[in-house]
Structures are given as structure tokens and as C-alpha cells.
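These notes concern the structure reproduced below.
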Amino acid sequence: MFETILVPLDGSRVGEAAIPVIKKLVTKCPPEVHVEITLLGVITLLRHWVVVGEASAPVSYTEEEIKLIRQRVVNYLEKTGKALQMKQITVKTMVSSGNAAEEILKAADKTKVDLIAMSTHGRSGLRRLAFGSITDKVLRGAGVPVLLVRAPEGTTNE
């Protein structure tokens, strides 16, 4: 039985595909089982590009901008966590910065989860090579089971 679950989210509908599956999984548990779900948001871009004419340069976000981004992620996770509210579930949120796959694995170790549940974009071939695969890195590096949920057809990253 999985009693502590990590659900990494990227702010997209595709990323949220695991949520209904987790909720359904928990409803199948006996009523006395309590499940703790940690929703994780990873801030991966700590700088942005400024373009002036034909020139461009990477510029680091200011501390104030990073605070704003972090607060937006926290608000998103809290709002998304409301979809999981049930008597048997406690929802926690966690925000970190860095490489998404590495941060997911660190969070799984830190929170001592029994399961990582995440959605997959379902990329393959050249698209997968071009974008890399967070899911693949998590699958290979996780010390706990990983539940992958493919986003339904037609789901966008909005």
C-alpha cells in the first residue's frame, strides 16, 4: 500500500494527468488508510533572455522576480491540491529550483515517499532526444516505484 506519494507538476494540463488517477487509487483504499501526497513544483529557469535588436543575452532573474515566481508556483500547487481533498488525503506542497529530474529524485528521498506518480508527455523519437526526458531520468534514478500516466489525447500544455 502506498501511503506517501510525490506528484511532480509543471503547471500544465498534461502535467496534471496523474491527479485523477491518484485520487481514484486512494478511493480504492480501505477507509482507515491515510495517504500523504506531496505536490512538487520545480523552478527550472533561473534566467531569461533579453533581446535588443539583433543581439540577445541571458539575464539572471532578480531575487524579487524569483520570489514572485516561487509564490506563483506555491499558489498553483495549493489550488491544484484542492482537487485532491478527501478525508483520507493530506496534501503538502514543495517548491525547489534546479534540474527537474534531479529535484524530483531529491524530493522523493527527502520526503521518503513510497511512490512517485507523474504524467508523461508521451514524446518519442527525435522529439524525445531534442527535449530530453525527465520521466526517463526519474524512472532510472528512483529508489521507489514510479507510476506513469499518459496525458489523454488532445491535452495541451496550457
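Contact map, the stretch 30-43: first residue at pLDDT 90 or above, second residue small (Gly, Ala, Ser), Cβ cut-off under 6 Å, separation 6 or more or different chains; pairs are LEU39/GLY81; LEU40/ALA107; VAL42/SER96; VAL42/ALA100; ILE43/SER97. Selection of the stretch 46-75 for residues being within 25 Å of the chain's Cα centre (by Cα) and surrounded by fewer than 10 Cβ atoms within 10 Å (Cβ to Cβ) yields TRP49, THR62, GLU63, GLU64. Take the conditions surrounded by 13 or more Cβ atoms within 10 Å (Cβ to Cβ), touching a Gly at 6+ places or on another chain (Cβ under 7 Å), of a type in the set (A, V, I, L, M) and closer than 28 Å to VAL95 by Cβ and apply them to LEU39. Does it pass? Answer is yes for this residue.
The one condition from (1) surrounded by 13 or more Cβ atoms within 10 Å (Cβ to Cβ); (2) of a type outside the set (Phe, Trp, Tyr); (3) more than 22 Å from the chain's Cα centre (by Cα) that ALA18 does not meet is (3).
Residues that are closer than 13 Å to LEU147 by Cα and within 11 Å of the chain's Cα centre (by Cα) within the stretch 2-14 comprise LEU6, VAL7, PRO8, listed in sequence order.
The values are calculated or read from the model by the stated rules, or taken from the named source; none is laboratory data. Since the structure is predicted, the reported quantities are computational estimates derived from the model, not experimental observations. Using ideal geometry, Cβ is built from the backbone for each residue, glycine included, and neighbour counts are taken over all protein chains shown.
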